[in-house]
Amino acid sequence: MSILILMLPIAITLGAGFLLAFLAAFNSGQFEDLETPAHRILNDDKKEGYKS
Amino acid sequence: MACSFLNDLEAGDLRLPISISSKWNYLDQDEFRSKMVHGESPFGNKIYLLQIEGLTCASCTQLLERLPDIDDRVYSSRLSFINEKMKIEISNQMPLSEVAKLINSLGYKPHFIRKGEEVVDHADLAMTKLVKRIAVAGFCLGNIMLLAIAGYAGIDGNLKTIFSFTQIALFFPILLYSASPFYQGAMVSLKRRSIHLDLVISISLVLSFVLSLFAFFIWNKEMYLDSLSAFTFLILVSRWTVKKFEQKAKKSLSDKLFHSDQPVKTMINGRESILPLAHVKEGDFLIFEKDQILLCDGKLVSNRTALDCSLINGESVPRVYTEGMSLAAGMRPIGGSCTIQVTRKFDQTDLYTSLKSSEDYFLGRSKNLENLDRIGQIILGLALLIALVSFPTFTFALELPVSEAWSRILSLLVITCPCALAFGGPLSYAFALQQARKKSILVSSADAFDRVNTTKNIVFDKTGTLTTGLLKLKRTSPSVLPRWQKELVLALESSSQHPIAFALRDAYKDIQGPLPILNDLTEVVGEKVFGILNGTLYSIKRTPQDESSELKVSLFENDIEKVQFYFEDQLRKESKELLRELKLKYNLSICSGDRIKRVHKLASSLLISKKNAHGELSPTDKLNFIEKNPYSMMLGDGFNDSAALMRAHVGIAVEGPLSQSLKKADICFLKPGLNSLKELLSINHTLQKNLRVNLGFTIAYNFIAINLCLFGRISPLVAAILMPLSSIFVLSQSKRGFS
């Protein structure tokens, strides 16, 4: 059972990591526009996006 | 158009029309350009933000995001379809006017947005904060639950201590961060000296937390932080859901029309420029294109122009305005573009404020909701009282062991869930409102639903409610007209927007080919049209009405009455069927300003007895009628019948100017016809059913659960599972029947 003492912080750190990941994604505006990406996926991406 | 450009692009032979327009040149001034920069890419290129008008489908995204393929100086472009905004990164050598021309040649209207002029939406900010609070609460709740289940399953020793401390640590973010809106609400409620749900939530949250700590540290018992966090989490989620629905429902109206971020064309120092609507000030000059709805009140500065005022006064006939006249927001230029000098900003116009106020009140005034809230508070108070009384009863009178007594009290506190009422009620109303909006019915407040429910009589205004308001040519006198006369009539009415003109065009639609050309063709709106053909003056005029049930106009040849046309209003297709159904439940009557004969004829065709059909009533007569018949629902014109609509138990505006209707009536039908009434009654029926089921369920659930807990039949673990289950039931129940 003492393995639980090790697993507890691991579990919480993992969970907190995902929470932070979500908050970071949320703050960066990933959830603001849920429609355009659905259109974008239909595009042929042979030359799309960045060119420099 | 985007689709065809896209095909050309795929095939490799996209040739865009070369624009020689100079209207974008103002973009190229250095001062202007520097104000538009929204950022810099890692490669040193400037990033600009544009508002794009004219997006239609997925192909638009595809085309606009492939701008780099079309022009080498564009490095990247990202479009947000929903916000209609595009971020574009271009070479520093590319003039902004070229960007505008490029986008314009693809069929869209670009507007560069100045840095710092993106308008921040406060409602959106509040929602963003709420989502973060829910995320944190969800994370803590999940972990606390996991640890608590171990506790309920009988873990002990060191592990129990560690688990418990971890739970307490995990609860702090919920208590201090996620639940903070409740404390703010509680402060407001204390200041106003009124009991608000936030106050009850705050007190029970903090008190339960303190009790929980006592239980753990002093009495050495189980905590119930798991159910406390579930409680907080679920209330937050329900608030988010309610707000989301509110927002969605509202978006469809004032915010869609008066979207504060939308670009408007202004004239500054003789130069055209684009501003977001929110930044327009009094005294600014605004240019509105043909068919673009005016968004501010103002004085007409440009030449005379025709405007469609149907949103303002409900008239379908456009009016001509000349320079210097006042225009109101909501009018629509139909002749060409017009320039106005703003006298009132968009958020101070009548149209905006009346639209807004109709939305703001939307859940606040319902007595029914207040009662539900009160019942919730009573249940919560009772549970606390029972808990306080039964603890000493258990330990001293029944001599139960302290641990057993605490376990029962704990189950009781955990399982009691009046929040089902507190958020189930508002949610039910929100769903009903949303459903109504979907069906083009605007309901001004939740209260209106309560009153629809207690309606006993339904009073119809005749014109436009039961009938279509569209005229139909019934007969002529003489009954057969020669072809040249028909052609003459059509030529006279050729540019008229009057209902009679439409009726005549409809009646003689088989007359094809060129019409005779009249000299000096003139229309005096609402009175007559006249013109000269081969030296003879022809006119169509309204003539004194005789006692028949029809409307009459005549064709005059040099002031001699030649032909009479008789028109009749058409009964709506659905009227008969619907009225037959309504008659089983309500007393129906007709109140009309029309001739008694016509009203009686209409009533008999609708199987309404003559004593309930009243004609030749003035607006005051209608008001008196409403006052004599309490619990009446009145359907009428939002302008002419506004007094009666306001006094009626439920006032429904079926036509008339929107801004006026929203102020005076409880409910507005945006779609003509009586089907909306049918929809409204069915939505209300579903709503009342859902509210009843929720109330019944919550009372039964709490009564049974509290009793079972007091008799020790439910352990705290089971209680913690049942509480969120009951909330989920209420949530799904609130949405039942609303697709």
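Every read-out reported here was derived from the displayed coordinates using simple, explicitly stated rules and does not represent laboratory data. Just so it is clear, the structure is predicted and the values come from calculations on it, not from any experiment. Here the Cβ is made from the backbone with ideal geometry for all residues, glycine too, and neighbour counts use every protein chain on show.
If R0 is taken as 30 Å, the Cβ-Cβ distance between B:ALA643 and B:LEU670 corresponds to a FRET efficiency of 0.85. Short-range pairs are left out: with C-alpha atoms under 8 Å and at least six residues apart, the relative contact order of chain B is 11 percent. Calculated mean residue ellipticity, 222 nm, chain B: -15000 deg cm²/dmol, from DSSP H runs (n ≥ 4) at -39500 (n - 2.57) each, averaged per residue and rounded to 500. Projecting the Cα positions of B:ALA446, B:ILE540, B:MET331 onto the charge dipole of the protein assembly as shown (unit charges on Cβ atoms of Lys, Arg, Asp and Glu, taken about the Cα centre) puts B:ALA446 furthest along the positive direction. Excluding same-chain neighbours fewer than eight residues apart, the lysines reachable from B:LYS509 by a Cα-Cα span under 17 Å are B:LYS472, B:LYS474, B:LYS486. Take each residue of peptide B:154-164, count the partner chain Cβ atoms within 10 Å of its Cβ, and average: the result is 2. Projecting the alpha carbon convex hull of chain B along each direction and taking the average yields 44.5 nm². Mean partner shielding of peptide B:72-83, defined as the number of other chain Cβ atoms within 10 Å of each residue Cβ, is 4. The label-point distance for B:ILE560 and B:LEU190, in a model that sets each label 7 Å from Cα toward Cβ, rounds to 9.2 nm. Assuming a ≥ b ≥ c are the square roots of the Cα gyration tensor eigenvalues, decide whether the range B:637-739 counts as rounded (a/c under 1.5), prolate (otherwise, with a/b larger than b/c) or oblate. Prolate, since a/c reaches 1.5 and a/b exceeds b/c. Once the chain from B:LYS576 to B:THR128 is taken as fully extended at 0.36 nm per residue, the excess over their C-alpha distance is 156.3 nm.
For B:LYS35, the lysines whose Cα falls under 26 Å of its own Cα, not counting residues fewer than eight places away in the same chain, are A:LYS51, B:LYS23, B:LYS46, B:LYS85, B:LYS87, B:LYS101, B:LYS109, B:LYS115, B:LYS265, B:LYS281, B:LYS345. Classify the protein assembly as shown: rounded, prolate or oblate, from the alpha-carbon gyration tensor (a ≥ b ≥ c, eigenvalue square roots; a/c under 1.5 rounded; otherwise prolate if a/b is larger than b/c)? Since a/c reaches 1.5 but b/c is at least a/b, the shape of the protein assembly as shown is classed as oblate.
Here r is the Cβ-Cβ distance between B:HIS279 and B:LYS628 and R0 is 56 Å; the resulting FRET efficiency, rounded to 0.05, is 0.60.
For chain B, take the longest principal axis of its alpha carbons; what is the angle in degrees between that and the long axis of helix B:483-492, to the nearest 10 within 0 to 90? Roughly 60 degrees, rounded to the nearest 10. When restricted to Cα atoms, the range B:167-234 yields an Rg and a Dmax of 12.8, 40 Å, respectively.
Projected over every direction and averaged, the convex hull enclosing the alpha-carbon atoms of the range B:71-207 yields 15.5 nm². On a straight-distance basis, which lysines could pair with B:LYS456 in a cross-link, Cα separation under 20 angstrom, same-chain partners fewer than 8 positions away excluded? Those lysines meeting the cut-off are B:LYS367, B:LYS576, B:LYS583, B:LYS585, B:LYS610, B:LYS611, B:LYS622, B:LYS628, B:LYS678, B:LYS689. Among beta bridges identified by DSSP and lying wholly in the protein assembly as shown, the antiparallel ones come to about 80 percent.
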